1. Would you compute the Debye intensity of the range 235-337 from its alpha-carbon atoms alone, equal scatterers and no solvent, and pass along log10 I(q)/I(0) at q = 0.10, 0.13 Å⁻¹ to two decimals?
2. Calculate the radius of gyration of the Cα atoms of the range 105-225 to one decimal place, then report Dmax, the largest Cα-Cα distance, as a whole number, both in Å.
3. Highest first, please rank the peptides 113-121, 306-314, 162-170 by the mean number of other Cβ atoms sitting within 10 Å of their residues.
4. Work out how much length ILE284 to SER91 would gain on full extension: take 0.36 nm times their residue separation and subtract the Cα-Cα distance, in nm to one decimal.
5. Pick out, from ASN282, PHE141, LEU303, the residue whose Cα sits farthest towards the positive end of the charge dipole of the chain, with +1 on the Cβ of Lys and Arg and -1 on the Cβ of Asp and Glu.
6. Which one of GLY183, LEU196, VAL224 is farthest out on the positive end of the charge dipole of the range 177-225, using unit charges on Cβ (Lys, Arg +1; Asp, Glu -1) and the Cα centre as origin?
7. Cross-link partners among lysines for LYS337, C-alpha distance below 26 Å, same-chain residues fewer than 8 apart left out?
8. What whole-number distance in Å separates the alpha-carbon centres of the range 1-41 and the range 295-330?
Amino acid sequence: MKKSVNIKDVANYAGVSPSTVSRVISNDERITEPTRQKVIHAMNILGYYPNVIARSLANRKTNTIGLIMPSFSDMLFINPFFPEALRGISSVLSENSYDILMSTNSKHKEELESIQKFIRGKRVDGIILMSSRVKDECIEFLKQSKFPFVVIGSSLEYNDINFVDNDNEKATYDITNYLIQKGCSNIALIAGSIDLVVTINRLSGYKKALQENDIQINNEYIVVGEFLEESGYISAKRLLSLENIPDAIIVADDIMALGVIKAIKEKNLKIPEDISIASFNNSILAKTSTPTLTSVDVNPLKLGMSAASILINSIDKNDKSKSLVVDYEIIFRDSTK
C-alpha cells in the first residue's frame, strides 16, 4: 500500500521545518511569500492536500462566505422568506465557485460571536448578514475590522456599507394608503421586533400615511411581536379586545397573518367585510390561505442574489459601499375590501 504523506514528508521535500508547514497551513502572516509558495508546491507534488485547498492557500482565500442568520433562527425554516433568499444567495455563490458556511443563533449576542469566530479563524472571505438592527453591534464590528460584508436590510447609523433592501417605509405607506382609500380608518399594525430596522421603517411609513390623511395615530393599534403564527394570533386577540376594534390590520409577515385570520374567525367576524388584512412577503401562504391574502412581494430571491453579487465584487474587485433597493409589488387578493 502507498504510504500516506504527512507534514514531515512535506517539510523534507520543501526543505523547511514541520512547524513552518503548519504555519503555512494556518495562513500565518509571519511566513514569507517564497517560503509559503515552496511549501504549497510540495503539498501539491506529494498530494498532501487536495489541489483545491492548496490553491486556496496560494490565493489566501477560502472561497467560502459566512452567512449569519438572525437570532430568531428557530423560525427560519418555517418562514418562506429565508429559504427563498438563501436560494438566491446560493445560486450566485455557486456560479462564482464560493461555498456557504452558515451560522444559526438563538440569541442576538451569538451573531457577533459567530462573526468573530469566522474572521479570527480565517474561515471565510466575506459575510452576509440576513437582518439588521438599530445600533447593530455586528455591523459596527465588521466596519471596524474592515472585513467584506453585506447586509440584507439597511442601517440607520451608516450609509457607507454594502446593503440590499426594499423601501419598507414606502411599501407600508402605500398599503396603508390603499386601505384608507378603501374606506378603512381604524388601521392597526402588527409589526416585528422594535429593534429591527425593517420595523422602524415600516412603522414610519404607516404613521406617515395616517398623518397625511388626517387620521389620528392610536398607539393601541400598534403591536409588536415575533414572526410566528402564534405571535400574530396573540397580537390580533389583543386588538380585538379593544373597545373600538380595527377595521383593517397590516401584518409584518404572512405567517403572522395566519394567526390573525384565526383570531378574527374565532370572533365570528368576516374578512374583509368586517376587517381587512394586508401582510408582507407574498409567500405561498398568502396564495393558499382562506381568504387569500393581499401581500407585499419583497422579492427575497432577488434580495439574496443581489447581496451575494455585491459581496463577491467587494471581495474580488474591492468595490466599496454599494447599495441596492429592490422593487416591491403589492399583490391584491381577497383579504382586502
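The values are calculated or read from the model by the stated rules, or taken from the named source; none is laboratory data. Keep in mind that this is a model prediction, so the values were computed, not measured. Cβ: placed from backbone, ideal geometry, glycine included. Neighbour counts: every protein chain shown. Just the protein is used for accessible areas: all its heavy atoms, side chains included, with ligands, DNA and RNA removed. Shrake-Rupley method; radii C 1.70, N 1.55, O 1.52, S 1.80 Å.
1. -0.39, -0.55
2. 17.6, 57
3. Packing proxy ranking, top to bottom: 306-314, 162-170, 113-121.
4. On the way: separation 193, 0.36 × 193 = 69.48 nm, distance 2.08 nm.
Between ILE284 and SER91, full extension yields an extra 67.4 nm.
5. Selected residue: PHE141.
6. Looking along the dipole axis, the top candidate is GLY183.
7. Partners found: LYS170, LYS182, LYS207, LYS208, LYS237, LYS262, LYS265, LYS267, LYS270, LYS287.
8. Cα centroid of the range 1-41 versus Cα centroid of the range 295-330: 40 Å apart.
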